[in-house]
1. Among the residues of region 109-125, what is the count of those that are loosely packed, with under 11 Cβ neighbours inside 10 Å and among the small types (G, A, S)?
2. List the residue pairs whose Cβ atoms are under 7 Å apart, where the first residue sits in region 250-279 and is under 28 Å from S166 (Cβ atoms), the second is surrounded by fewer than 24 Cβ atoms within 10 Å (Cβ to Cβ) and charged (D, E, K, R), and the two are 6 or more positions apart or on different chains.
3. Determine which single condition M178 fails, assuming it passes every other condition in (1) surrounded by fewer than 21 Cβ atoms within 10 Å (Cβ to Cβ); (2) modelled with pLDDT of 95 or more.
4. Just checking: which of the helices (runs of 4 or more DSSP H) contained wholly in region 1-108 hold 1 or more residues that are at pLDDT 80 or above and either surrounded by 16 or more Cβ atoms within 10 Å (Cβ to Cβ) or in the same structural domain as R228 (by TED's automatic domain parsing) (or both)?
5. Of everything in region 137-175 that's among the polar types (S, T, N, Q) and crowded, with 18+ Cβ neighbours inside 10 Å, which residue is farthest from L214 (Cα to Cα)?
6. Can you run down the residue pairs with Cβ atoms below 9 Å, 6 or more apart or on separate chains, where the first is in region 60-72 and farther than 20 Å from I256 by Cα and the partner is surrounded by 13 or more Cβ atoms within 10 Å (Cβ to Cβ)?
7. Could you pull out the residue among L190, L217, L184 that is within 24 Å of T114 (Cβ to Cβ), more than 17 Å from the chain's Cα centre (by Cα) and in a loop (DSSP other than H, G, I, E, B)?
Amino acid sequence: MAVVKSSSSTSAGLYTRWFFVLPAVIFVLIMIVFPVLYTLYLSLHTWSGSAIRPPDFIGLGNYQTLLTNDPRFGDALIRTLQFTLAAVIVELLLGLAIALLIHGPFLGRGFVRTMILLPMVATPVAIAMAWLLMFEPTIGLFNGILRSLNLPPQLWLGSRDQAMGSLILVDVWQWTPMMALILLAGLTSLPEEPFEAARVDGANGWQRFLYLTLPLLLPTMITAVLLRSIDALKTFDIIYTMTRGGPGFSTETINIYGYVQSFEYFRLGSASSLLVVFFAIVLGISLLFVQIRKRWGTI
């Protein structure tokens, strides 16, 4: 009899747990799974968003056109990777330098740590508008500084050669604090014993950094690069606000091209196939970073 009661109470407890989890599961299914499945569905059709004409099934036609007959997609993908690679590398180096500078105790450390987070918490569109004014060729701050130094003014966002670099500069300014924050947390969690032993053995600061800090901090650095790379690959608001992919197509990334396909050309099927391919690329890069981190953790 006691066994029967125990079994019944176990079943009741299991049902109770599922009852509390069920709202979260339903939310995930509605907000995440359904949009993904609907995007996959649209990627197999041609549709202009018309309420009169339903989507027309064409199978893998959108993918074939995208991968074999759309040079604009290839160029946008290259620009996306260039933007991500340049921004993340600079942010990693600057973030590591900032984390090392503010790691130790000094007067006003709390204030400094708070101030460096301000660019990260600001609204991206507001940041883009502020930098847009600073890049303005006639009355902008940067050309004003160049004129005061007797240097020729630049076109910045109006130049095909300078626009991408200008956008990378804005991204670096906004997201370097995030990299510094993650690396600072990693530095704080490092054990003190190896560093104390190195000091006793006569190792100088550079040797401790090169042979202790970097190897011990590398898993944290890989995690920071993974998180920032995923976010940089999806950058949309700053680019769209400042250049809308121009001049020409010189700053058109995958996200900008997907937006243009959807809401300017109304090629919802083509845009959906583009987003599916882009999702696969981001997923592949993420899995690569995860494997690298696991491999490093086993060394």
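1. Filtering region 109-125 for residues loosely packed, with under 11 Cβ neighbours inside 10 Å gives 110-111, 114, 118, 121, 123.
Pick out the ones that are also among the small types (G, A, S) and you get 110.
Residues that pass the stated criteria total 1.
2. S250/R160; T251/R79; E252/R79; T253/R79; N255/K234; Y257/R72; Q261/R267
3. (2)
4. Details: elements: 2-28, 34-43, 61-68, 71-103.
Answer list for region 1-108: 34-43, 61-68, 71-103.
5. Initial filter on region 137-175 (among the polar types (S, T, N, Q)): 138, 143, 148, 150, 154, 159, 162, 166, 174.
The next check asks that each one be crowded, with 18+ Cβ neighbours inside 10 Å; those that pass are 143, 166, 174.
Working: N143: 39, S166: 30, Q174: 24 Å.
So, considering only residues that are among the polar types (S, T, N, Q) and crowded, with 18+ Cβ neighbours inside 10 Å, the one farthest from L214 (Cα to Cα) is N143.
6. Pairs found: L60/S43; L60/L44; L60/S273; G61/L44; G61/T46; G61/G269; G61/S273.
7. On the way: L217 fails: in a loop (DSSP other than H, G, I, E, B); L184 fails: in a loop (DSSP other than H, G, I, E, B).
One residue alone meets the criteria, L190.
Table: residues versus (1) without any contact (Cβ under 8 Å) to a residue 12 or more places away in the chain; (2) surrounded by 17 or more Cβ atoms within 10 Å (Cβ to Cβ); (3) out of contact with any strand residue (DSSP E or B) (no Cβ under 9 Å at 6 or more places or on another chain).
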site	(1), (2), (3)
A185	no, no, yes
E192	yes, no, yes
A197	yes, no, yes
D201	yes, no, yes
Q207	yes, no, yes
Y211	no, no, yes
D231	no, no, yes
I238	no, yes, yes
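The values are calculated or read from the model by the stated rules, or taken from the named source; none is laboratory data. This one's a predicted model, so the numbers in the text were calculated from it and none came from an experiment. Because the Cβ atoms are built from the backbone with ideal geometry, glycine has one as well, and the counts that use them run over all protein chains shown.
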